[in-house]
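Down below is the structure, laid out as structure tokens.
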Amino acid sequence: MSGLNTLLDALLAEREAGREAVLATVVKVEGSAYRRPGARMLVSRFGRPEGTISGGCLEAEVAKKAWWLTEAGPALRSYSTAEADDASEEALSFGLGCNGKVHVLFERLPAGPCALVDALLSVRDRQQPAAIATVIVSSGAAAPRLGERLCLMPGQEAAGELLRSVLVEQISADLQQTLLRGKSSRGLYPNGLGEVEVLLEYLPPVRRLVIFGAGHDAQPLVRMAKLLGWHVTVIDGRAHFARAERFAEADQVLVGDVEQPFDYHELVRGAAVAVMTHSLVQDAHWLKGVLHSEPCYVGQLGPRERTERLLAGIHEQLAKPQDELPGLECLHYPIGLDLGGDTPESVAMAVLAEIQAVLNGRNGGSLRFRSASIHDSDPVLKAGRDQTDVAAEGCRLVAVQR
């Protein structure tokens, strides 16, 4: 979702002005590419583009051709990053030597409501996931058209043009699985003598970071997390620290009472948490509550011995001393990757780097020592395949990670 906020703000501005806009979306990647399927760029008729679909290599070409390409409806274009002599004839070559191909869907968005924009706004504003099926290749009798979609959000009915398709049941079932797995993939569906290829895209909710501690070292952590597009909450028991003017970029700043029972279970559930108040009393209170609240990551600032004393004290407060303390598998201490540096900014960078690595299932090591590809391969789901078989072989469908 990083960068989606500014793109959606620009799109809403175009909508309010009653103007169309062109959306360019990466729908398929072959080989090496900077961005993955789901990367988006908005091109307005008046104004600068918002968003990126590459590392800066394709944006100028996309902005120049977007309106011309969509005069007759949605269009799919391929861009090769291989050496010019190696580029395929059907792909526009940029000769970057990256040996990849990026397939981009161009479509004009109406000035009024549409299912895609509604889904993107819902993910941002409601902080709930969504799954979107988008036709990227289509052939065969009565085939759905390029760019037709089916959008699915938790607790809501599916919406989009694909509701009229004879493939709706198959695509809907795979879209439900996409939402449950939390991973994107591509689906291939036989359609008469032809075949329909669909991007089954998982749109995750905005990542949430809860920081317990409103000291000076929390300020750069808030700024850096907001650069990544995360939702950030700052909580501290000291009212003179937990002030909105000190954390202008935070989504919310709260004063918490350490004398009262922990009351942030819903806020912490599924979020990344950094405990960094520099106060033993506060850290003990917040860490205990956090570990009972099902976070996806917990980092405790301070030396290892200090955190182990905090944990020993929390264990003593358990109803049964032999009980396991929940949440320990998510606890990282001392917090952060070993990057060196002792300034608040360098600590913030180390903390965010560790959270990013943990949430993406990586170890945070140097890429020069990674034997596998930097990005996982683009998985393909063929219609009629047993989902249990897919899971049993290591679930190739998890490969497109957002």
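For the stretch 140-209, which strands (runs of 3 or more DSSP E) that fit wholly inside it have 3 or more residues that are within 26 Å of ASP125 (Cβ to Cβ) and open to solvent by less than 30 Å² (accessible area, probe 1.4 Å)? Ranges flagged: 149-152, 194-203. If you check PRO204, PRO220 for being modelled with pLDDT of 95 or more and under 24 Å from the mean Cα position of the chain (by Cα), only one passes: PRO220. Does LEU280 satisfy the criteria of being among the aliphatic types (A, V, I, L, M), more than 19 Å from THR343 (Cβ to Cβ), in contact with a helix residue (DSSP H, G or I) (Cβ under 9 Å, 6 or more places away or on another chain) and open to solvent by 60 Å² or more (accessible area, probe 1.4 Å)? So LEU280 fits the description; yes.
Of the conditions (1) touching an Asp or Glu at 6+ places or on another chain (Cβ under 9 Å); (2) open to solvent by 10 Å² or more (accessible area, probe 1.4 Å), ALA131 satisfies every one except a single condition; which number is it? Only one criterion is unmet by ALA131, namely (2). The residues listed here are ASP236, ASP263, ASP257; of these, the one that is more than 26 Å from the chain's Cα centre (by Cα) and under 30 Å from MET153 (Cβ atoms) is ASP263. Restricting ALA72, ALA10, ALA60, ALA39 to residues that are without any contact (Cβ under 8 Å) to a residue 24 or more places away in the chain and under 24 Å from LEU121 (Cβ atoms) narrows the list to ALA39.
Can you find, within the stretch 239-254, the residue that is least open to solvent (accessible area, probe 1.4 Å) among those that are within 30 Å of PRO154 (Cβ to Cβ) and not polar (S, T, N, Q)?
My answer is ALA250.
Residues that are surrounded by 14 or more Cβ atoms within 10 Å (Cβ to Cβ), more than 17 Å from ARG207 (Cβ to Cβ) and touching a residue at least 12 places away in the same chain (Cβ under 8 Å) do occur in the stretch 290-299. For HIS216, the conditions (1) open to solvent by 10 Å² or more (accessible area, probe 1.4 Å); (2) closer than 30 Å to VAL137 by Cα all hold with the exception of (2). Only a single item in (1) basic (Lys, Arg); (2) surrounded by fewer than 18 Cβ atoms within 10 Å (Cβ to Cβ); (3) not in a helix (DSSP H, G or I) is not met by ARG223, and it is number (3). If the condition is being modelled with pLDDT of 60 or more and either open to solvent by less than 20 Å² (accessible area, probe 1.4 Å) or out of contact with any strand residue (DSSP E or B) (no Cβ under 7 Å at 6 or more places or on another chain) (or both), then the stretch 79-101 contributes TYR79, SER80, THR81, ALA82, GLU83, CYS98, GLY100. The numbered conditions (1) in a loop (DSSP other than H, G, I, E, B); (2) without any contact (Cβ under 8 Å) to a residue 40 or more places away in the chain are all true for ALA350 except (1).
Which residues, counting only those in the stretch 319-337, are assigned to a loop (DSSP other than H, G, I, E, B) and charged (D, E, K, R)?
LYS320, ASP323, GLU324
Residues that are outside any loop (DSSP other than H, G, I, E, B), open to solvent by 80 Å² or more (accessible area, probe 1.4 Å) and modelled with pLDDT of 70 or more within the stretch 356-388 comprise LEU367, ARG368, PHE369, LYS382, listed in sequence order. Among the residues of the stretch 109-123, the one identified as under 17 Å from GLY182 (Cβ atoms) and surrounded by fewer than 20 Cβ atoms within 10 Å (Cβ to Cβ) is SER122.
For the stretch 261-277, the set of residues classified as more than 23 Å from HIS216 (Cβ to Cβ) and crowded, with 19+ Cβ neighbours inside 10 Å consists of VAL268 only.
Within the stretch 1-18, take every residue that is farther than 20 Å from VAL206 by Cα and in a helix (DSSP H, G or I) and give me the one that is least open to solvent (accessible area, probe 1.4 Å). Quick ask: steps written out before the conclusion?
Step one: list which residues in the stretch 1-18 are farther than 20 Å from VAL206 by Cα, which gives 13-18.
Right, trim to in a helix (DSSP H, G or I) and you get 13-16.
Details: ALA13: 51, GLU14: 13, ARG15: 61, GLU16: 160 Å².
Checking each candidate, the answer is GLU14.
The values are calculated or read from the model by the stated rules, or taken from the named source; none is laboratory data. These numbers come from a predicted model, not from an experiment. Using ideal geometry, Cβ is built from the backbone for each residue, glycine included, and neighbour counts are taken over all protein chains shown. Heavy atoms of the whole protein, side chains included, go into the accessibility calculation; ligands, DNA and RNA do not. Shrake-Rupley method; radii C 1.70, N 1.55, O 1.52, S 1.80 Å.
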